[in-house]
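Working notes, structure below.
Bear in mind that the values in this text are calculations on the coordinates, not laboratory data. Predicted, not measured: the structure shown is a model, and the values here were computed from it. Here Cβ is always computed from backbone atoms with ideal geometry, including for glycine, and neighbour counts include all displayed protein chains.
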Amino acid sequence: KHSVNRPPTPDAAEDQGKEPTLQEIINIKLIESGEKERLMELLRERLIDCGWKDEMKALCRAHVKKKGRNNVTVDDLVHLITPKGRASVPDSVKAELLQRIRTFLMSAAL
C-alpha cells in the first residue's frame, strides 16, 4: 500500500550493489539525527502561523461543497490541493527551512 507521507519501500534485490545518492545520504542523516522530525514540526508551525493551513482547508471545503460530500475522495483532494499547496508556501518559510538544512549539513560535515 502506498502512503501519501512516504515513498514505497524499495525491494532489497533492486538495491544490492547500488551506491546511495547524495540526496539519499542526506535524508538518512536527517532521519538518524532526529533533525528531519524537528524540521517537519517547524514547517507545521510556520504553515499554521502564516495561515497556509487554513487556506488549504478552505480550498478542500469549497471543493467538497461544489462536488458533494459523497462524490469526493481523499485522493481527489490530494491531487487538487498538492500543486496549489506547494506553490503557495511563503518564500520566507522555504528560506528558513533551507537555512536550517544548510546549518545541519555544515555541522554534520557532509
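Table for the structure above
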item	result
Cross-link partners of residue 65 among lysines (Cα-Cα below 17 Å; sequence separation of 8 or more within a chain)	57
Charge tally in the Cβ shell below 14 Å around residue 79, where Lys, Arg are +1 and Asp, Glu are -1, residue 79 excluded	+1
Qualifying aspartates and glutamates (Cα of each under 20 Å from Cα of residue 84; at least 8 residues distant if same chain)	45, 49, 54, 55, 75, 76
Percentage relative contact order, region 33-106, counting C-alpha pairs under 8 Å, at least six apart	44 percent
Full-stretch length increase - residue 21, residue 88 - with 0.36 nm per residue and alpha-carbon distance subtracted	21.2 nm
Under Karplus coefficients 6.51, -1.76 and 1.60, residue-wise ³J(HN,Hα) of region 27-42 in Hz, glycine/proline x	4, 4, 5, 4, 5, 4, 7, x, 5, 4, 5, 5, 5, 5, 5, 4
